[in-house]
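The values are calculated or read from the model by the stated rules, or taken from the named source; none is laboratory data. All figures in this text were calculated on a predicted structure; none of them were measured in a lab. Side chains included, ligands, DNA and RNA excluded: accessible areas come from the protein's heavy atoms. Shrake-Rupley method; radii C 1.70, N 1.55, O 1.52, S 1.80 Å.
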Amino acid sequence: MTAELVRGQNHPLPQTRLEIRVSAGRPVVAGATLGDEHGAVRGAEWVAHPGSPQLPGLEVSRQAAADHRLAVDLEAVPETVHRVSVLLALPVGVGGPVSFASLAAPFVAVTSLDGSEVASYTITGLDAESAVVALELYRRQGAWKVRAVGQGYAGGLAEMLTDQGLPHGRELASTILDAVAGGLARSVAAPPPRTTDSDRVRTNAGALPGPEGTQQPAAAPE
């Protein structure tokens, strides 16, 4: 049975290999940070983001998207890590929304590898914020739990990373968002479906229409 969490509520995790699924309705950047026993992020190498999507025990999406699946293996994270924070941020400079106020409440779920939900959280109450800590997975007395956080930041990803104690957090945030914006700017619409053979009108090269729509060979030049 899924635990439907509210802000601040926690729930034990019955296993350590999990997926975190995000549904935001509009493209968002999904990332994660690793925190020590004090919750501090020690450096850029403790941040998983589209430009550096893999850390020990953790993999995030490589681009902004409306839906994400983050892979987590809590047995593989370093011993010094006591907290895994899941972050969502709006892309900048691409003509999209500048805050979560105009979006439907993002939904996040922790699932087992077979897709069954362990816990879920709908992040309500966001307004001027353009970045939010959605969930955190944390160690407690040798076991792991998930907590619904929902802490938003009007200053965006830069304010969020700085608040987590990351040295040069603003510079890293700018690098991440610039790369994401560049990727969105280069994206193009999918091509139209290919026409099936039955929809095509086939003609032989050099043929002329004959009676009742048949094809006749073209006359040889005189």
Integer Hz, Karplus 6.51/-1.76/1.60 couplings in order for the range 79-86, x for Gly and Pro
4, 6, 8, 10, 8, 10, 9, 9
Note down the relative contact order for the range 30-137 as a percent, whole number, built from C-alpha pairs under 8 angstrom at least six residues apart.
24 percent
Quick one: which residues, 5+ away or cross-chain, put their amide H under 5 Å from the amide H of LEU87? H built at 1.01 Å from N.
GLY31, ALA32, THR33, ALA134
The range 102-151 - percent relative contact order, Cα under 8 Å, separation 6 or more
27 percent
Phi-derived 3J(HN,Hα) across the range 107-116 with the Karplus relation (6.51, -1.76, 1.60, θ = phi - 60°), rounded Hz, x for Gly and Pro, is 10, 10, 9, 9, 10, 6, 5, 7, x, 6
Interchain or long-range residues, amide H under 5 Å from LEU166's placed H
VAL41
On a 1.4 Å probe surface of the protein chains, which of HIS38, HIS82 comes out largest in accessible area, and what is the full order?
HIS38, HIS82
